[in-house]
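What follows draws every value from the coordinates through simple rules; no lab data is involved. None of the values given here were measured: they were computed from a predicted structure. Quick reminder, even Gly has a Cβ in these numbers, built from the backbone with ideal geometry, and neighbours come from all protein chains shown.
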Amino acid sequence: MYMHGSSLINDKGHLEIGGVDTIELANKYGTPLFVYDVALIKERAEQFQEAFREEGVNYQVAYASKAFSCIAMFQLADELGLSLDVVSGGELYTAIQAGVPMERIHFHGNNKSLAELEMAVESGIGCVVVDNFYELKQLGHICARHDVKMDILLRITPGVEAHTHDYISTGQEDSKFGFDLESGQVDQAIQLSLLDPHINLLGIHSHIGSQIFETSGFVMAVEKIFEFIEKWREELGFTPSVLNLGGGFGIRYIEGDTPLPVGEYVRKMVHVIKEKAAAHQMEIPEIWIEPGRSLVGDAGTTLYSIGSRKEIPNVRHYLSVDGGMSDNLRPALYQAEYEGILANRADEETTETFSIAGKCCESGDMLIWDLPLPKASHEDVLAVFCTGAYGYSMANNYNRIPRPPVVFVEKGEAQLVIQRESYEDLVRLDLPLKQVMKQM
Ligand code: LLP
C-alpha cells in the first residue's frame, strides 16, 4: 500500500500519521474525521518555493484556499510564506479572521458581487483577478468611491484544453471564466484598465484546469499569451509585469496516477517564460501560481467507522461507512477514485474485495468501488487517503448529516482545528412555522 507523507504502520498494526495513532484519534474525536499531515503541507510549500528560488525569479505562491479553507489552514499558509487566493466573501472573511496580511490576498471569481468587491477594496487586499467587463467597471467605480487604486490581473481563457475531467477544465475557449484571448476581449479589457485611474493593471492570469499530470498545457498557455504580448506592447503600450499561471498540479489519488514532482511544473513554466521573455526583449515578469490540491490533497485522510454490511452472493459485498457524499462529493461528482485501508488492521493482508458505500439516501453515494481489504466488519476503522482537497470544502449537510471535525497532526501532536458540527448547529438558522400558517 502506498503511504503518503508521514503516514506509516506502527507496531500495533495501526495507521499512524504525523506520529499520531489514527485509532487514538478516532476514539478521541469520533468518526468521520479529517486528519491533515501538516509536515506534508509544509514540504509541498517548500518544494514550490525552492524551485522558484533556484530559478532566481520573482514569484508568489498563492494557496488556492477553495481546496480547504479554515482559520488554522489560512494561518498555516501564512506561516509558510504563501499568499492566499480567495474566491468569495466567505473565504475573504475567513482570511480576515485568521489575521492574514491583506496585501497577500488575491480575489478570484467569475461573478463577484458588488458587496464582495466592496469588501475586497475596504479590506485593502493585494490584488483582484478581474474576470469580465462588468466586474472591471464596477471595481473601477468602487475604487473611485474609496479613492484608492487597486492592483489587478486580467483572467484570460487562453484556448488550451487541459487533459482532465470536463468539470475541472477551465482553459478552453468555451468557458464561463475570463476574457477570451482570440476574439480581442483581452485587448479591450487591457485598454479599459489602462484608462481607469483607479485601476493598476499588473498582468495576466490563466488557469487551465485541475489535476493535471503534464506540463504541456501550461507551456501552451504561456506560448499563447506571448503571441499577444508584442501586439499589446506596440498597440497599447502594455507589458505585463506579472504572469499568473494558476494551479492545477495533479496528485496521486490511486495507483496509476502519475503526477510530476511539484518543482518540475514550476521549472518548466519558468523556463518557457524566460525563453519567451528573452525572445521578446522584455524583463522576466514576476511569476505567480495558485496550487490548491497539490498543497493539501494527499495531506488529508478521512477516518470512517464501518457500520452495516450487505453481501449479494456472487455480485457484490457492500460495507457502509458513517459518512459519504456529505464529506466527500468527489466520487459522485467526478467519478473520482480513492484508495483506503483498515486503519486498525493496517498490517493485515487483503483477502477480500468490498465496495464502500456512504450513508446518504442516494445510490450514487459510493466512495470506493472494489477495494481490497482484510475481512472487515463493524469493529473496523476505514482510512481513505488523499481527501485533503475539495473534501471538507465541498462537504454539505445533505440528509442533515453534520460535517466532520478536522485535526492537524505533526510530530506526535494533534490539534483540533474545526469542531464537529452538532445537531444544534444544523437547526441554528431554522425558524419555527408561524402560528397563522399552521392554521391554514
Ligand atoms: N486557481 C484557479 C483560478 C482555480 O480555479 C483553481 C481551481 C485553482 C487555482 C486551484 O486548482 P488546484 O491546484 O487545486 O487544482 N472541485 C474540483 C476542483 C475544482 C477546481 C476549481 N479551481 C475537484 O474536486 O477536483
Per residue of the range 6-14, in order, report the coupling 6.51 cos²θ - 1.76 cosθ + 1.60 (Karplus, θ = phi - 60°) as ³J(HN,Hα) in whole Hz, putting x for Gly and Pro. 8, 5, 7, 9, 8, 6, 8, x, 9
Give the relative contact order (percent, whole number) for the range 108-291; include only Cα pairs under 8 Å separated by 6+ residues. 19
Please list, in order, the residues from the range 331-346 whose amide nitrogen is less than 15 Å from a point placed 7 Å along the Cα→Cβ vector of V315. none
Quick one: helix 216-231 against the long Cα principal axis of the chain, what's the angle to the nearest 10°, folded into 0 to 90? 20
Estimated inter-spin distance, Q419 and E223, nm [label 7 Å along Cα→Cβ]: 5.5
If you consider only alpha-carbon coordinates, what radius of gyration and Dmax does the chain have, in Å? 23.5, 78
P(r) over all Cα-Cα pairs of the range 30-180, 5 Å bins from 0 to the longest distance, whole percent per bin, short to long, reads 2, 8, 16, 17, 18, 18, 13, 5, 2, 0, 0
Placed amide H near N58: partners under 5 Å, 5+ positions off or other chain: I287
Tell me the Rg and the Dmax, in Å, that the Cα atoms of the range 368-440 produce. 18.9, 61
Report the rotationally averaged projected area of the range 103-245 based on its alpha-carbon convex hull, in square nanometres. 8.3
Under 16 Å from a point 7 Å along the Cα-to-Cβ line of H146: which residues of the range 56-93 have their amide N that close? 86-93
In degrees, nearest 10, range 0 to 90: what is the angle between the Cα axis of helix 114-123 and the longest Cα principal axis of the chain? 80
Counting only the backbone N, which residues of the range 356-389 are under 11 Å from the spot 7 Å out from the Cα of S308 toward its beta-carbon? 359-361
Output wanted: per-residue J couplings in Hz (rounded whole) for the range 425-434, from phi through Karplus 6.51 cos²θ - 1.76 cosθ + 1.60, θ = phi - 60°, x for Gly and Pro. 4, 5, 9, 4, 8, 6, 10, x, 5, 5
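Of all the C-alpha pairs in the range 1-115, what % are more than 20 Å from each other?
Numbers: 3610 of 6555 pairs.
Percent of Cα pairs beyond 20 Å in the range 1-115: 55.
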Against the longest alpha carbon principal axis of the chain, how many degrees, from 0 to 90 and to the nearest 10, is the axis of helix 89-98 turned? 80
At 222 nm, what value in deg cm²/dmol follows for the chain if DSSP H runs of at least 4 each add -39500 (n - 2.57) and the sum is divided by all its residues, to the nearest 500? -9000 deg cm²/dmol
Taking a straight Cα-to-Cα line shorter than 30 Å from K28, and setting aside same-chain lysines fewer than 8 residues away, one finds K12, K42, K66, K310, K359, K375, K411
If you take every DSSP beta bridge fully contained in the chain, what fraction is antiparallel? Give it as a percent rounded to 5. 45
Karplus couplings for the range 186-203 from phi (6.51 cos²θ - 1.76 cosθ + 1.60, θ = phi - 60°), rounded to Hz, Gly and Pro as x? 5, 4, 5, 5, 5, 4, 5, 5, 5, 7, 8, x, 9, 10, 10, 7, 7, x
Just the number, please: percent antiparallel of the DSSP beta bridges in the range 108-291, rounded to the nearest 5. 5
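Mind listing which trypsin sites (Lys or Arg not before Pro) in the range 173-240 are in a DSSP loop and have 12 or fewer other Cβ atoms within 10 Å?
Values: sites: K176, K224, K231, R233; in loops: K176.
When the trypsin sites (Lys or Arg not before Pro) of the range 173-240 are filtered for loop state and at most 12 Cβ neighbours within 10 Å, K176 remain.
Loop only by DSSP, 11 or fewer other Cβ within 10 Å of the Cβ. Give me the GluC sites (Glu not before Pro) in the range 356-412 that pass, ordered by residue number.
Counting only loop positions with at most 11 other Cβ atoms within 10 Å, the GluC sites (Glu not before Pro) in the range 356-412 are E379.
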